[in-house]
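The values are calculated or read from the model by the stated rules, or taken from the named source; none is laboratory data. Predicted model only: the values in this text are computed from it and were never measured. Please note: Cβ atoms are built from the backbone with ideal geometry, for glycine as well, and neighbour counts cover all protein chains shown. With ligands, DNA and RNA removed, areas are computed over all heavy atoms of the protein, side chains included. Shrake-Rupley method; radii C 1.70, N 1.55, O 1.52, S 1.80 Å.
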Amino acid sequence: MNKETALIVYSGGQDSTTCLFWALKHFAHVEALTFIYGQKHAEEVNVAKRIAEGAGVKWHVMDVSFIGKLGRNSLTDSSIVMDQEKPADGPPNTFVPGRNMFFISIAAVFARERGINHLVTGVSQTDYSGYPDCRDAFIKSLNVSLNLGMDEQFVIHTPLMWIDKAQTWELADQLGVLDLIRTQTLTCYNNIPGDGCGHCPACKLRREGLEKYLSSKASRK
């Protein structure tokens, strides 16, 4: 790290923004790639652009809307009522099949053409909401496949893989961007920035983590 360049898969949400500033601390140069995949909460693209450019990061956007059309899910299909809890028999319907596989694979090709070997993504197995493509085993297997498939030496960095949402807020605080992430990012599935709607699964997970971290921080004083 240090003198290398990193490309971050960047959505403008809490996790990827924390990773953006983590990357800025660990790499000399950082670029961000945001995807349009048919998501209903498309305002996140504008949020990503604004935050990345404000941080002095070169921002790219790519339309991969075909991803949202491959399978049915509540993030791209307005006719589906969003699951509020994880079902007992599989991932919630907010899971977009193949999303992380496509995002990271496309990012790798994009990075290769620019001589970039380091990729950063905000996936977490600790708080993965039942999404199988956020697990460490998947990311490691994809890393191997990308290296074999393109004869490259990509390194996929996952700074949040083994930490929960409270620890993610703590990391943001350590990086000096807690307030920015709390007020400017867009995590809400109902397209409301900052603290969001408060009741969708993403907002509940985010709020619970923040409350846990702030309580822990106050108790240490």
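Some notes on this structure:
- Summing Cβ point charges (Lys, Arg +1; Asp, Glu -1) relative to the Cα centre of region 19-81 gives a dipole of roughly 60 debye.
- In region 1-147, a dipole from Cβ-located charges (positive for Lys and Arg, negative for Asp and Glu) runs towards its positive end, and of LEU7, LEU70, ILE104 it is LEU7 whose Cα lies farthest in that direction.
- FRET efficiency for MET101 and ARG72, using Cβ-Cβ distance with R0 set to 22 Å, rounded to 0.05: 0.80
- Here's the picture: charge each Lys and Arg Cβ at +1 and each Asp and Glu Cβ at -1 in the chain, and of VAL155, VAL45, LEU180 the one pushed furthest to the positive end of that dipole is LEU180.
- Qualifying trypsin sites (Lys or Arg not before Pro) in region 1-105, where qualification requires a DSSP coil assignment and no more than 13 other C-beta atoms within 10 Å, comprise ARG72.
- Mean sequence separation of contacting Cα pairs (under 8 Å, at least six apart), scaled by the length of region 46-122, corresponds to a relative contact order of 20 percent.
- Under 16 Å of direct C-alpha separation, and excluding same-chain neighbours fewer than eight residues apart, LYS165 reaches these lysines: LYS204, LYS212, LYS217.
- Take the chain with all the other protein chains still there, run a 1.4 Å probe, and you get 47 Å² of accessible area per residue.
- Where only DSSP H runs of four or more residues are counted, the chain gives -13500 deg cm²/dmol as its mean residue ellipticity at 222 nm, each run worth -39500 (n - 2.57).
- For the options MET82, MET150, MET161, a Gaussian network treatment of the chain with springs between C-alpha atoms closer than 10 Å singles out MET150 as fluctuating the most.
- In this structure, LEU148 and GLU113 have a Cβ-Cβ separation that, at R0 = 22 Å, corresponds to a calculated FRET efficiency of about 0.75.
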